[in-house]
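*Asks:* Provided herewith is a single structure, encoded as structure tokens, for subsequent inquiry.
The values are calculated or read from the model by the stated rules, or taken from the named source; none is laboratory data. Note that the structure is predicted; figures quoted are calculated from it, not measured. Don't worry about glycine lacking a Cβ; one is built from the backbone with ideal geometry, like all the others, and counts go over all protein chains shown.
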Amino acid sequence: MTLLIKGGRIVDPASGRDEVGDVFISDGRISDKKEKADQTIDAKGLVVAPGLIDLSARLREPGYEYKATLESEMDAAVAGGVTSLACPPDTDPPLDEPGLVDMLRRRAKALARARVYPIGALTVKLAGERLTEMSELAEAGCVAFSQANVPIADTQVLWRALQYAATFGFPVWLRVEDRWLAGDGVAHDGEVATRLGLAGIPAFAETIALGTALQLVRATGTRVHFCRLSTAAGVELIRAAKKEGLPVSCDVGIHHVHLSELDLGYYDSHCRLEPPLRSQRDREALAAGLADGTVDCAVSDHTPVDENQKQLPFAEAEPGATGLELLLPLILKWGVQRKLPLAKTLARVTCDAARVLGVQSGRIEPGARADLVLFDPQQTWRVVPAALKSQGKNTPFLGYELAGRVRTTIVAGSVVYQQA
Amino acid sequence: MPANPQLNANGELQHLLSIEGLPREILTQILDTAESFAGVTEREVKKVPLMRGKSVFNLFFEASTRTRTTFEIAAKRLSADVINLNVSVSSQTKGESLLDTVANLSAMQADVFVVRHASSGAPYLIARHVKPHEHVINAGDGRHAHPTQGLLDLYTIRHYKKDFSRLTVAIVGDVLHSRVARSLIHGLTTLGVPEVRVIGPQTLMPAGVEALGVRVFHDMRAGLKDCDVVVMLRLQNERMNGPLLPSAQEFFKNYGLTADKLALAKPDAIVMHPGPMNRGVEIDSPVADGPHSVILPQVTFGIAVRMAVMSIVAGN
């Protein structure tokens, strides 16, 4: 089976290549041969880029099928141009047993859409007490271990978990937040939370936990990826840690690049996110850190929530936003705002994410996996529930007009999505 | 930021959700209307027919006797029909959602919902989902707002001090958890009070409270100096011993209002308290019952103010 993508603007973030040309695909891989193809796609006027790699997308299976199903969310992924995604372990039950991971991978594979990389639970039931069987989980397909949004409170356990993971070279992904300082907070501890009467989460809930984790990285040598940074001070700590040569990387949720506490407005529960939206200064530091590479990648942090759980007073609403179909337009919006070349903009959701994930994707070169997205960067569309394939319609961007619409998504050389 | 959800297309009061964001003219209109009702409560027949045939639903998701009663009296004096629903012990325990409860009551032809809820912002959610002819009055939501209490405090201050433009007002105690403090601060700054102070320990001050337009004092004596109005806040029992405060006794020592501390305020200063009081915790009995105290008149004014709010929203 061969496929020719003809006359598109080829953007390969890994090499910086940005030119009009053809891409030839043979046996699921990009080839430098020039043969007659079985199928030809006219990509004139479209950008041809590596498919997006999203380091955090909740598919809600197993356990939360009423919020979303694997089918609906895999449709959403490819409609958003996402060809690989990592899913956090906070399913029900959590991904703490090889059988669950194996089943998830089989189900995902049978759907034949995006590639799914499960992140295993670091502790049993994410309870922060007993280590999971990491070797078994890795054999079942886990590429890293994490606590999702449930930080380990006991630093003895965190230390041992990092040591154990380091023994086998497993990366650990942590979203850092001091559980006691976060308390029952639901918003950034600042002027907006004070006005709205919402319990606050201070910025130092993140930096204190991050400081602790960095000390443990120094002690154990574990490769740690820090998820969803939300503060300017957190970005600074990572910058210093990288300068020091610690084996760390980090990401930011795409919402936090564009929104701040001010977007809560009159209690918009779509802005109830974890971590909370912080000050404009924090948002600016995250957007700047993503541009200068201190922040390695941007993720959708896709979390479908059913409408009933959002139609509640702010503090009671379930946190999270749908994001798989918004990642591309929102990263493009960020790139335009920071006046970045398209290749650099896309790097944060393609080759840089591939590096963190440790997979051979995210580039366009002979021999590479033919995971590609074809999109029109100028085409605008309105974010309305009907425009989203995800079962979760919960997004702070409802009603926004965004630029960047996916036309075709290709995984392993096969077209898995074609815009109607 | 979306349009102010409290105002209708003509800029009139559709719902009363918070004092924040209300123009001075509306606050003054409410206070003036309340003044015209003050006489009603002293008449032999304490009723006016302004809301005859209208239904007021008291929808209390959080227990309260005092506030609910004053709303009930106010509605009855306006000749409205009043239905009291203590939702915290009915539908919610059966798992019915907030909006389903409201939709059901709306089907029973409500005109005004008076809502109290433990979650900040709950009345905004309700206001977004009621029909155009229905009105929502916030009777206290979480730590956010208690606008009718704020208005009755403003009414009391105006009654005794006449002119807002020369006053120094101190609000003392647990500002962090207080919806009363937030509503009063917004009201005072909107009506042009030049100096609003908040007094309390750091543990009971919300982050960035200065941005509301107040001066923060941790030393009560310094904070009370030359004040015209002293507003004491209630300290909830569950906050008296723990990470925020060591004990009620120590709180009283530092922030309880005694005659001795009150002497630092102006000689004609008034002392207010939203009730219910903790005597010996935030206020000493001789002060609570003394000549500066206007705590009981506050309660009386509260009825006229709630009549004003209900009649204004129902008429818009």
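*Asks:* Which residue pairs have Cβ atoms under 7 Å apart, sit 6 or more places apart or on different chains, and have a first residue in the range B:262-283 that is part of a loop (DSSP other than H, G, I, E, B) and a second that is surrounded by fewer than 21 Cβ atoms within 10 Å (Cβ to Cβ) and of a type in the set (Gly, Ala, Ser)?
*Replies:* That search, which allows pairs on different chains as well, returns B:Met277/B:Ala288; B:Val281/B:Ala248.
*Asks:* For the list (1) surrounded by fewer than 18 Cβ atoms within 10 Å (Cβ to Cβ); (2) charged (D, E, K, R); (3) more than 23 Å from the chain's Cα centre (by Cα); (4) closer than 26 Å to B:Leu167 by Cβ, I need the number of the one condition that B:Lys253 fails.
*Replies:* Only one criterion in (1) surrounded by fewer than 18 Cβ atoms within 10 Å (Cβ to Cβ); (2) charged (D, E, K, R); (3) more than 23 Å from the chain's Cα centre (by Cα); (4) closer than 26 Å to B:Leu167 by Cβ is unmet by B:Lys253, namely (4).
*Asks:* Hey, could you check the range B:49-58 for residues that are in contact (Cβ under 8 Å) with a residue 60 or more places away in the chain and of a type in the set (A, V, I, L, M, F, W, C) and say which is surrounded by the most Cβ atoms within 10 Å (Cβ to Cβ)?
*Replies:* Here the answer is B:Val56.
*Asks:* Here is a follow-up. Could you grab me the full set of residues in the range A:346-393 that are under 18 Å from the mean Cα position of the chain (by Cα), over 30 Å from A:Ser269 (Cβ atoms), buried (at least 19 other Cβ atoms within 10 Å of the Cβ) and not acidic (Asp, Glu)?
*Replies:* Hits for the range A:346-393 are A:Leu346, A:Ala347, A:Thr350, A:Cys351, A:Ala354, A:Val356, A:Leu357, A:Ser361, A:Gly362, A:Arg363, A:Leu372, A:Val373.
*Asks:* So in the range B:135-166, with the set limited to residues that are over 19 Å from B:Pro23 (Cβ atoms) and in contact with a Lys or Arg (Cβ under 6 Å, 6 or more places away or on another chain), which one is farthest from the other protein chains (Cβ to nearest Cβ)?
*Replies:* B:Ala139
*Asks:* If you don't mind, another one. Taking helices (runs of 4 or more DSSP H) that fall entirely within the range A:288-354, which contain at least 2 residues that are more than 14 Å from chain B (Cβ to nearest Cβ) and in contact (Cβ under 8 Å) with a residue 40 or more places away in the chain? Break it down stepwise before answering.
*Replies:* Working: elements: A:307-310, A:327-337, A:342-347.
Fully inside the range A:288-354 and qualifying: A:327-337, A:342-347.
*Asks:* Based on what the data block shows, is B:Phe252 modelled with pLDDT of 95 or more, assigned to a helix (DSSP H, G or I) and touching a Gly at 6+ places or on another chain (Cβ under 7 Å)?
*Replies:* Yes.
*Asks:* Additional query: Of the conditions (1) closer than 24 Å to A:Gln360 by Cβ; (2) crowded, with 22+ Cβ neighbours inside 10 Å, A:Arg58 clears all except one; give me its number.
*Replies:* Of everything listed in (1) closer than 24 Å to A:Gln360 by Cβ; (2) crowded, with 22+ Cβ neighbours inside 10 Å, A:Arg58 misses just condition (1).
*Asks:* List the number of the failed condition for A:Ser135; all other conditions in (1) closer than 18 Å to A:Val224 by Cβ; (2) in contact with a Phe, Trp or Tyr (Cβ under 7 Å, 6 or more places away or on another chain); (3) among the hydroxyl-bearing types (Ser, Thr, Tyr) hold.
*Replies:* (1)
*Asks:* Tell me, please, whether a residue that is buried (at least 23 other Cβ atoms within 10 Å of the Cβ), within 14 Å of chain A (Cβ to nearest Cβ) and in contact (Cβ under 8 Å) with a residue 60 or more places away in the chain can be found in the range B:96-113.
*Replies:* No: zero hits.
*Asks:* May I pose another question? Tell me which residues, restricted to the range A:388-414, are touching a residue at least 24 places away in the same chain (Cβ under 8 Å) and not in a loop (DSSP other than H, G, I, E, B).
*Replies:* Applying the first criterion (touching a residue at least 24 places away in the same chain (Cβ under 8 Å)) to the range A:388-414 yields A:388-398, A:402-414.
Scanning the range A:388-414 gives A:Leu402, A:Ala403, A:Gly404, A:Arg405, A:Val406, A:Arg407, A:Thr408, A:Thr409, A:Ile410, A:Val411, A:Ser414.
*Asks:* Of the residues A:Ala77, A:Ala68, which single one is part of a loop (DSSP other than H, G, I, E, B) and buried (at least 20 other Cβ atoms within 10 Å of the Cβ)?
*Replies:* Only one candidate passes the filter, namely A:Ala68.
*Asks:* Could you tell me which residue of the range B:5-41 is modelled with the lowest pLDDT, considering only residues that are outside any helix (DSSP H, G or I) and surrounded by fewer than 17 Cβ atoms within 10 Å (Cβ to Cβ)?
*Replies:* Looking at the filtered set, the residue picked out is B:Gly39.
*Asks:* Answer yes or no as to whether B:Val193 is under 14 Å from B:Ile283 (Cα atoms), touching a strand residue (DSSP E or B) at 6+ places or on another chain (Cβ under 9 Å), away from chain A (no Cβ under 14 Å) and at pLDDT 95 or above.
*Replies:* Against the criterion (under 14 Å from B:Ile283 (Cα atoms), touching a strand residue (DSSP E or B) at 6+ places or on another chain (Cβ under 9 Å), away from chain A (no Cβ under 14 Å) and at pLDDT 95 or above), B:Val193 does not qualify.
*Asks:* Sort out which residues of the range B:159-178 are more than 29 Å from B:Pro243 (Cβ to Cβ) and in a loop (DSSP other than H, G, I, E, B), and write them in order of number.
*Replies:* If the condition is that a residue be more than 29 Å from B:Pro243 (Cβ to Cβ) and in a loop (DSSP other than H, G, I, E, B), then B:Lys162, B:Asp163, B:Leu167 are the ones that fit.
*Asks:* Kindly list, by first and then second residue, each pair from a residue in the range A:49-61 that is modelled with pLDDT under 95 to a residue that is surrounded by fewer than 24 Cβ atoms within 10 Å (Cβ to Cβ) and part of a strand (DSSP E or B), limited to pairs with Cβ atoms under 9 Å and residues at least 6 apart or on different chains.
*Replies:* A:Leu59/A:Val116
*Asks:* I've got another one for you. Since B:Ala304 meets every condition but one in (1) touching a Phe, Trp or Tyr at 6+ places or on another chain (Cβ under 7 Å); (2) buried (at least 19 other Cβ atoms within 10 Å of the Cβ); (3) more than 30 Å from B:Leu13 (Cβ to Cβ), which condition does it not meet?
*Replies:* Unmet for B:Ala304, out of (1) touching a Phe, Trp or Tyr at 6+ places or on another chain (Cβ under 7 Å); (2) buried (at least 19 other Cβ atoms within 10 Å of the Cβ); (3) more than 30 Å from B:Leu13 (Cβ to Cβ): (3).
*Asks:* It is to be established whether one or more residues within the range B:214-232 are in contact with a Ser or Thr (Cβ under 7 Å, 6 or more places away or on another chain), within 14 Å of chain A (Cβ to nearest Cβ), under 27 Å from B:Arg158 (Cβ atoms) and surrounded by 17 or more Cβ atoms within 10 Å (Cβ to Cβ).
*Replies:* Scanning the range B:214-232, I find no residue that is in contact with a Ser or Thr (Cβ under 7 Å, 6 or more places away or on another chain), within 14 Å of chain A (Cβ to nearest Cβ), under 27 Å from B:Arg158 (Cβ atoms) and surrounded by 17 or more Cβ atoms within 10 Å (Cβ to Cβ), so the answer is no.
*Asks:* For the range B:17-55, which positions are closer than 22 Å to B:His144 by Cβ, in contact with a strand residue (DSSP E or B) (Cβ under 6 Å, 6 or more places away or on another chain) and away from chain A (no Cβ under 14 Å)?
*Replies:* Result: B:Ile26, single match.
*Asks:* For the range A:171-272, list the helices (runs of 4 or more DSSP H) that sit wholly inside it and hold at least 3 residues that are buried (at least 18 other Cβ atoms within 10 Å of the Cβ) and away from every other protein chain (no Cβ under 12 Å); which are they?
*Replies:* A:204-220, A:232-244, A:254-258
*Asks:* Okay, next question. Taking A:Met103 and the conditions (1) in a loop (DSSP other than H, G, I, E, B); (2) of a type in the set (A, V, I, L, M); (3) surrounded by fewer than 21 Cβ atoms within 10 Å (Cβ to Cβ), which numbered condition does it fall short on, given that it satisfies the others?
*Replies:* (1)
*Asks:* Considering (1) of a type outside the set (A, V, I, L, M, F, W, C); (2) outside any helix (DSSP H, G or I); (3) touching a residue at least 40 places away in the same chain (Cβ under 8 Å), say which one B:Thr156 fails and leave the rest.
*Replies:* (2)
*Asks:* Right, here's the next one. Is it the case that B:Arg234 is charged (D, E, K, R) and in contact with a Lys or Arg (Cβ under 6 Å, 6 or more places away or on another chain)?
*Replies:* Working: charged (D, E, K, R): yes; in contact with a Lys or Arg (Cβ under 6 Å, 6 or more places away or on another chain): no.
Answer is no for this residue.
*Asks:* Restricting attention to the range B:1-32, which residues are touching a Ser or Thr at 6+ places or on another chain (Cβ under 7 Å) and more than 16 Å from B:Ala145 (Cβ to Cβ)?
*Replies:* Passing the criteria: only B:Arg24.
*Asks:* On the basis of being of a type in the set (Gly, Ala, Ser), more than 21 Å from A:Ala291 (Cβ to Cβ), at pLDDT 95 or above and in contact with a helix residue (DSSP H, G or I) (Cβ under 8 Å, 6 or more places away or on another chain), does A:Ser390 make the cut?
*Replies:* Spelling it out, A:Ser390 is indeed of a type in the set (Gly, Ala, Ser), more than 21 Å from A:Ala291 (Cβ to Cβ), at pLDDT 95 or above and in contact with a helix residue (DSSP H, G or I) (Cβ under 8 Å, 6 or more places away or on another chain).
*Asks:* Of all residues in the range B:179-224, how many are without any contact (Cβ under 8 Å) to a residue 40 or more places away in the chain, at negative phi and either in a strand (DSSP E or B) or small (Gly, Ala, Ser) (or both)?
*Replies:* Adding up the residues that qualify gives 9.
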